[in-house]
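Let me begin by presenting the structure, written as structure tokens, before commenting on it.
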Amino acid sequence: MPAEEDSKKFRLGYELGGLFATETDLDRLCSLVISKCRNALDCEAVSILLLDRERGELYFPYIGDERPEVVEKLKAVRIPADRGIAGAVLQSGRSENVTQADSDPRHYGEADRQSGVATSSMLAVQLRTRTEAIGVIEAVNHRGGTRFGDEDLALLEVLAEPIAIAIENARTLKRARESEEKLRAEVGALRRDLARQDRFTEIVAVSPAMFEVFGLMEGAAGSSISVLVQGETGTGKELVARAIHRSSARADAPFLAVNCAAFTETLLESELFGHRRGAFTGASSDHLGLFRAADGGTVFLDEVGDMPIAMQAKLLRVLQEGEVTPVGEVRPHKVDVRVIAATNRDLKARIAERDFREDLYYRLAGLTIQLPPLRNRREDIPLLAVRFLEAACTRHRKRMVGFSPAALTVLTQWRWPGNVRELQNEVERAVALGRPDATIEPEHLSAALRAPAQDGVTESGAAQASPAAGATGLATGSGSMALREARRSFEIRLITEALSRHGGNVTHTAAELGISRIALQKKMKELGLR
């Protein structure tokens, strides 16, 4: 009978060897090997230990044991790569058949203490690919209290080489799939970029408020400091984040964005950190996660103030340790990612209300950029309007001459609660309503915009001049201005409209006005236009 038993075990070994060549899913492969080995060796448990080279440790990703509680405990155990019987086998390459492991001086008792397993008899064989040792396969505690035979060790040795090669092949395939997913994520980001180009191709501004923002952006782009962009909805927070990324050393790597308010806590964790297949209902395949897909680049966390408090703790841990653990995994992955966050909320107020972690706030807000609302940068409205007009005409395949002075008056007086996004929508509407080769007039604009321009009523309802009136030379009352004030208003309006016609290009504007570029810059500074 021993000869028949030996033949049966070796047939099993070759049978599994044939399966190794065709099975590419690492989890299914290892589960199959472990199950077959446990039955063939008649033992309590079989485990595959793999080497974590970064940490110099062996860990238990694949365990076959009839006790689920032991499996969960062993998954958390890590053994120094030069300790224990497994460490000795890994280092020497010599297989071991140990009768009394618990009395062997090399035995790593801490693993037994953490898992609750009492190890007696043990087989350990090195897992080695064509080029390197990647781990160890162990069989523990032969049933009936007897020792493992030499034929048991021979079986494990026969299996060890195809197991190691199959694991290496599966790892290579997994890396290829991750690269494919990363490329897919980058392509998706590029497609989103193209979709956004109908709103902006660059940041358009001549206002002092935005020049201050530009200075902060330049500093952020030249360093790795964390950035928090704050501002009302529609002020262009993501545009600022993308501009910082494009001007930084990470410009050639991905920029991936996520709206934290659009996901539940579980889905947000999966979106950011990834998940393993089967980690939760609906997880039919592995998902890399934005942090790993953007490795070397930038992750933009929009509406970070709406992130659930429990998720904030997980994000803080990632920022502190520089590694992410996908949902359903226990092994962390190192990532090199710059985080730029944005919010339209008062985070300090949310900290006081215990809705946002103070330690996370200071992690994110290494440099804070406060974007002004459009009503505080009215000098930029004509330039933005012209930019949006050009883009809208291209989309609608309709040529428009431009804005009439009266239409610009309406645009510069409106309070713009929706900020730049609202301005873009208004211009889009005007192009849709206007006739080809015509000028956009006030009647092409929304009634809500025209009312303040007609009666001088501001947001609060008081009949007074809007902040834009003095900046554009627009009369808002029945009184008259002094000659000096009228001249200043005229110059501001003349230069602003010329700039809008030339998309903010100072050189071309100066040529149209018949003055030098330096003279125009001096005049713009004098009039508060830059």
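Nothing in this text is a laboratory measurement; each read-out follows from the coordinates by a stated rule. Since this is a predicted model, take the numbers as computed values, not measurements. Backbone-built Cβ (ideal geometry, glycine too); neighbour counts: all protein chains shown.
Listing His275, His502 from the residue with the fewest other Cβ atoms within 10 Å to the one with the most, what is the order?
Working: His275 23, His502 16.
So the residues, fewest neighbours to most, are His502, His275.
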To the nearest 0.05, what FRET efficiency results for Arg53 and Glu353 with a Förster distance of 35 Å applied to their C-beta separation?
-> 0.20
Once the in-chain neighbours fewer than 8 apart are removed, the aspartates and glutamates whose Cα is under 15 Å from Lys525 read Glu212, Glu379, Asp380, Glu491
Give the shape of the range 197-372 as rounded, prolate or oblate, defined through the alpha-carbon gyration tensor: a ≥ b ≥ c are the square roots of its eigenvalues, a/c under 1.5 means rounded, and otherwise the shape is prolate if a/b is larger than b/c and oblate if not.
-> prolate
1/(1 + (r/R0)^6) with r = Cβ-Cβ of Thr368 and Arg317, R0 = 25 Å, i.e. FRET efficiency to nearest 0.05, evaluates to 0.65
What are the ³J(HN,Hα) values, in whole Hz, obtained from phi via the Karplus relation 6.51 cos²θ - 1.76 cosθ + 1.60 with θ = phi - 60°, for each residue of the range 319-324 in sequence order, with x given for Gly and Pro?
-> 5, 6, 9, x, 8, 10
Tell me which residues come under 5 Å, amide H to amide H, from Gly297 once H is placed; ignore anything under 5 positions away on its chain.
-> Arg338
Around Glu57, which amide H atoms from residues at least 5 apart in sequence, or from another chain, sit under 5 Å from its own amide H, with H modelled in the peptide plane?
-> Asp52, Ala81
Given the convex hull over the Cα atoms of the range 107-182, what projected area results after averaging over all orientations, in nm²?
-> 7.3
What number comes out for the charge environment of Leu74, summing +1 per Lys or Arg and -1 per Asp or Glu over other residues with Cβ under 14 Å away?
-> -3
For Glu232, what charge total do you get from the other residues with a beta carbon under 13 Å from its beta carbon, if Lys and Arg give +1 and Asp and Glu give -1?
-> +3
Under 16 Å from a point 7 Å along the Cα-to-Cβ line of Glu212: which residues of the range 340-370 have their amide N that close?
-> 368-370
Short version: ³J(HN,Hα) in whole Hz for each residue of the range 342-352, in order, from phi by Karplus 6.51 cos²θ - 1.76 cosθ + 1.60 (θ = phi - 60°), x for Gly and Pro, what are they?
-> 9, 7, 9, 9, 8, 5, 5, 5, 5, 5, 4
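Plugging the Kirkwood radius over Cα pairs into Stokes-Einstein for the range 2-173, at a temperature of 20 °C and a viscosity of 1.002 mPa s, what D comes out in µm²/s?
Working: Rh = 15.9 Å.
Answer, rounded: 134 µm²/s.
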Counted charge near Gly109, where neighbours are those whose Cβ lies closer than 13 Å (Asp, Glu -1; Lys, Arg +1) = -1
Once both label points are put 7 Å beyond Cα along the C-beta direction, the Ser92-Asn259 separation in nm becomes 6.2
Calculated FRET efficiency for the pair Ala310/Arg147, C-beta based, R₀ 56 Å, to 0.05 | 0.65
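For Phe490 and Phe280 in the same chain, what is the full-extension length gain: residue separation times 0.36 nm, less their Cα-Cα distance, in nm?
Working: separation 210, 0.36 × 210 = 75.60 nm, distance 6.57 nm.
Contour length minus the Cα-Cα distance gives 69.0 nm.
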Given 0.36 nm per residue, what is the gain on full extension from Ser446 to Asn376 after removing their alpha carbon distance, in nm?
-> 23.1 nm
Which residues' amide hydrogens lie under 5 Å from the amide hydrogen of Thr439, considering only partners 5 or more residues apart or on another chain, with H built in the peptide plane?
-> Val401
